[in-house]
Structure formats: C-alpha cells, structure tokens
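Quick notes on the structure that follows.
Just so you know, all these numbers are worked out from the coordinates, no wet-lab data involved. Source: prediction; values computed, not measured. Cβ coordinates were reconstructed from backbone atoms using ideal geometry, including for glycine residues, and neighbour counts include every protein chain displayed.
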Amino acid sequence: MALTVRHHAGEYQVAWGQWADVASSLPEKAILITDSNVERLLPENLQALPRLTFPAGEASKIWVMAGQLHEQLAQLGALRSHTLVAVGGGVTGDLAGFVAASYMRGIPLVQVPTSLLAMVDSSVGGKVGVDLAAGKNLAGAFWPPQSVIVPFDALTTLPERELRAGMAEVIKAAWIASPELIETLRTPVLNAQDPRLPEIIQSSIAIKAQVVEADEFERLGIRATLNFGHTIGHALEAVTNYAEYVHGEAVSIGMVAEAQLSARLGLITPNAVDDLRTMCHAHGLPTALPAGLSLEDLLPFMRKDKKAEGTHLALALLHGYGACKLHTDVAADDVRKALQP
Ligand SMILES: NC(=O)c1ccc[n+]([C@@H]2O[C@H](COP(=O)([O-])OP(=O)(O)OC[C@H]3O[C@@H](n4cnc5c(N)ncnc54)[C@H](O)[C@@H]3O)[C@@H](O)[C@H]2O)c1
Ligand SMILES: [Zn+2]
C-alpha cells in the first residue's frame, strides 16, 4: 500500500509495512544513517548494510555532525550512485537528508521514519536541515526523498513520551484539515498497539502530503498551516531552553493557546477550544502554560519565528473543526488577552 506525493521535480511514494520489509524495498548501493538508539533496533537484514551512526538527540542535528558524516561517506567511497537511507526519528531524517542534499551536490535519499513524529510529519515534505546557534532548522534545503518507507511495528519500541508527542502532531493534522480524523481521535490513542494507529498514521500522512503539494516552498501561506500550535509552541520550547518539554508537548500547549486566540477573534467557538483541550488532555499531553511564565517572556520568541513579518505576529489560526488559515496581522494585544488565565 502506498500514497504518491508530487513535488516540483517529480513524485515519490510513501509506502508502509513492517521493519522486516524495509530492506527489500531499498535500492541497491544503500548506505544507512541512523542514531545510536535506533541502531540497536535494526532488524538483521538492515544490519547487514553499510551504516553510519551518530549520537541520538537534537544536539546532533548540527553543521559539525553533518560535516563528519560527509567525511565518513567519502571514506566509505560513496558516490552519486549511492542512496542515503535515513532510519530513525525526525533528527535523523533532517540530518541525513541535509547530508544527502549536499554530499557531491546531492545524492538520492530514502526516508525510513521510526518515530511517530517522523512518520506523520518530518519524513514527508522534503524539508531537511540542521540547527544553528541562532535557532532551530536555520540551515537546510528542500530535498524530496526518492521514497518513504514507514515500518509501523517500529513504534512498539518507541518511548511512551515520544509516542504521546507524536500524537500531538496527529491531533494538529486533524484540526487543521480533517473533521473525520477529529472524530476518530475523540477516543484517544494511548499506545502503539492500538489497532487504529496504522490507519490514523496514513490519514495524517495524507494530510501532510496534500498540504505540501499545494505549497511546497511555503510561499502561499498554505504550508504554514502545519505550524498551527507551533508559534507559541516554539516560543515555549525556546524560553524553557528546550529542557522542559519535548516538542509535541510544547505544540499541545501551543495549539490550545492558539485556539483560544482563534476563539477570541471570533473564528471558532469556545466549545471548539474545549474540545481540542479535552483531546490533548486525553492523550496525556499538557494543555496549559506553566505557572509563573509570563506571556511577555514568550512574545519576543514569537516575533523571531520564521513566519513573522514586520511588526505583526503571524500565526496559523483555526477557522472551525478541520480548517486553518495563516494570519499575518495578529495584534500582540489580542494574544495577551487570549492567554490571560
Ligand atoms: N523536516 C520537517 O519537515 C520536520 C517536521 C517536523 C519536525 N522536524 C524535526 O524532527 C525532529 C524531531 O523528531 P523526533 O521527535 O522523531 O526526534 P528524534 O529523531 O530525536 O527521536 C526521538 C527519540 O526517539 C528515538 N527513537 C526513534 N525511533 C525509535 C524507535 N522506533 N524505538 C525507540 N526509540 C526510537 C530516537 O533515538 C530519539 O531518542 C526535530 O529536530 C524537528 O525539527 C522536521
Ligand atoms: Zn511539530
């Protein structure tokens, strides 16, 4: 089973199956890039392939690590005829993808996402990159993969907190684009054994694919809707030095806060905000800003968000159940009032 994603230079398939099937779907002359956690989980047939491993964690998603991987590829004798296979979470996909986009001016990339976040979000859409001291994802490229292969059973080893964080992105996909998926998620997905999970992942991937096909290079304000919950979420991550929350938790708080703002601007009903909050809460996700954190602490980071233009704040706001639009002219004062307890 597969889904096709079109992009400026062609198209690729997102296929799904099990860990054990991945090896047989790879092109010849594949070189794996994976992190130190996922390396231990590779099925035997993947272990047999040449492999580069980096230390797990966001701290590895940096220029220096990309440079080391370039050097290691050269030592392995990798050529343009080789394919890099990113096996892991979003960190691996972004880092290995960035290496694929630049090694020998670009070599083919296959994404094998193993975290829920990577399956439903980062592996599809062609964005690759690394973090700079000035901010996350500030160096990168659009480098669409040759294919994406999703091994559903990889989720059985994913730490529970990472599964919940991935569900935040699933909830986001539902609220920006799919009333049907919202209904499905009213019964929460609490573990990787939930039999509904493969279909929920497929629906989320289809939403991501549809959005990036409509606005691949984020120029039309459509792809920016994927940032629902992220303007406040990113600010919260930054202000807490990336130590307090995993990304999906910050996004959960951000979604509820941005929904409150949507309600304040009359775009959705207060009931819709309650529905979203209930859904996040039922998935074990935090929904409120931590006590003692002032919005004045968050605002500077929201202005620094990549989507910000001029003096106004740019936010993707809900327009109903499964509808979202980018607003580039939100007054900071409305944000303040919406977020008052
Ligand atoms: N390119 C994009 O469009 C895009 C979109 C969203 C997020 N991202 C990026 O994705 C990154 C976050 O991704 P993430 O949450 O997957 O982080 P991650 O890659 O660090 O993975 C989270 C943790 O889970 C472990 N892990 C992964 N798969 C596992 C498995 N099957 N079993 C056990 N452990 C497993 C990893 O080793 C890591 O410790 C961020 O850097 C973010 O910027 C990119
Ligand atoms: Zn996200």
Span from the the stretch 1-77 Cα centroid across to the the stretch 272-301 one, whole angstrom: 35 Å
Please label the shape of the stretch 197-341 as rounded, prolate or oblate, based on the square roots a ≥ b ≥ c of the eigenvalues of the alpha-carbon gyration tensor (a/c under 1.5 means rounded; beyond that, a/b larger than b/c means prolate, else oblate). rounded
Approximate spin-label separation Ala134-Val64, in nm, with each point projected 7 Å along Cα-to-Cβ: 2.0 nm
Based on alpha-carbon centroids, what's the gap between the stretch 197-230 and the stretch 314-341 in Å, whole number please? 19 Å
So for the chain: antiparallel DSSP bridges make up what percent, rounded to the nearest 5? 45 percent
May I ask you to sort Ser24, Ser204, Ser147, Ser294 by Cβ crowding, counting other Cβ atoms within 10 Å and putting the fewest first? Ser24, Ser294, Ser147, Ser204
I need the shape label for the stretch 43-112. Rule: rounded when a/c is under 1.5, else prolate if a/b > b/c, else oblate, with a, b, c from the alpha carbon gyration tensor. rounded
Let a ≥ b ≥ c be the square roots of the eigenvalues of the Cα gyration tensor of the stretch 2-157; is it rounded (a/c under 1.5), or, if not, prolate (a/b larger than b/c) or oblate? rounded
Roughly how big is the stretch 196-341's charge dipole about its Cα centre, with Cβ charges of +1 (Lys, Arg) and -1 (Asp, Glu), in debye to the nearest 20? 100 debye
Using just the Cα positions, wrap the stretch 244-288 in a convex hull and report its mean projected area in square nanometres, one decimal place. 2.9 nm²
Kirkwood Rh over alpha-carbon pairs of the chain, then Stokes-Einstein at 20 °C and 1.002 mPa s: what D in µm² s⁻¹, rounded to an integer? 106 µm²/s
Build a GNM of the chain with springs between Cα atoms under 10 Å: which of Gly229, Gly221, Gly88 gets the top mean-square fluctuation? Gly221
When the convex hull of the Cα atoms of the stretch 113-169 is projected onto a plane and the area is averaged over all directions, what value comes out in nm²? 4.6 nm²
Length gain on complete extension for the stretch Thr240 to Glu213, per 0.36 nm per residue less the alpha carbon to alpha carbon distance? 6.3 nm
Count the lysine pairs in the chain whose Cα atoms lie under 17 Å apart, taking only pairs 8 or more positions apart in sequence or on different chains. 14
If neighbour count is taken as other Cβ atoms inside 10 Å, put Asp274, Asp121, Asp35, Asp215 in order from fewest to most. Asp274, Asp215, Asp35, Asp121
For the chain, the dipole about the Cα centre with charges only on Cβ (Lys and Arg +1, Asp and Glu -1), to the nearest 20 debye, works out at 480 debye
